[in-house]
1. Give the angle, between 0 and 90 degrees and rounded to the nearest 10, that separates the Cα long axis of helix 71-83 from the longest principal axis of the Cα atoms of the chain.
2. Quick one: pull the percentage of alpha-carbon pairs in the chain with a separation above 23 Å.
3. Just to be sure I understand: with springs between alpha-carbon atoms less than 10 Å apart, which residue in Arg57, Arg70, Arg30 has the highest mean-square fluctuation in the Gaussian network model of the chain?
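Here, each number is a calculation from the coordinates, and none is a lab measurement. Remember, it's a predicted structure, so these values are computed and weren't measured experimentally.
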Amino acid sequence: MQKNHLETGAAGEELAVAYLLEKDYLILERNWRHKHFEIDVIATCQNLLVFVEVKTRKSIDFGYPEESIRKVKMKRLKLAATFYH
C-alpha cells in the first residue's frame, strides 16, 4: 500500500512539472528541503518565483486535492518559501 501511495505522488509531481514546462515555467527545484520543510516544486516564469505543493488523488472519494491544503499547510509552505534563496 505504501509503495502505491508513493508512486501516485511521484506520478502527480511528474504531471505537475510537465504542465509547468508546457506553460514555459523553468523548474528550479524538485522536492527541495530545508530542515523539516519541503517544497514539491519551485519554478520561475516571467519574473515570478512559484512554490508548488502537489496533491494527487486517484479519485475524489477523499475530496479534491486543493481541499487538502489547510491553513496550517499553507502557513508551513509560506514559511518554507522564506528559507529559499
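1. Value to nearest ten degrees: 30.
2. That tail contains 25 percent of the Cα-Cα pairs.
3. In this elastic network of the chain, the residue with the biggest mean-square fluctuation among Arg57, Arg70, Arg30 is Arg70.
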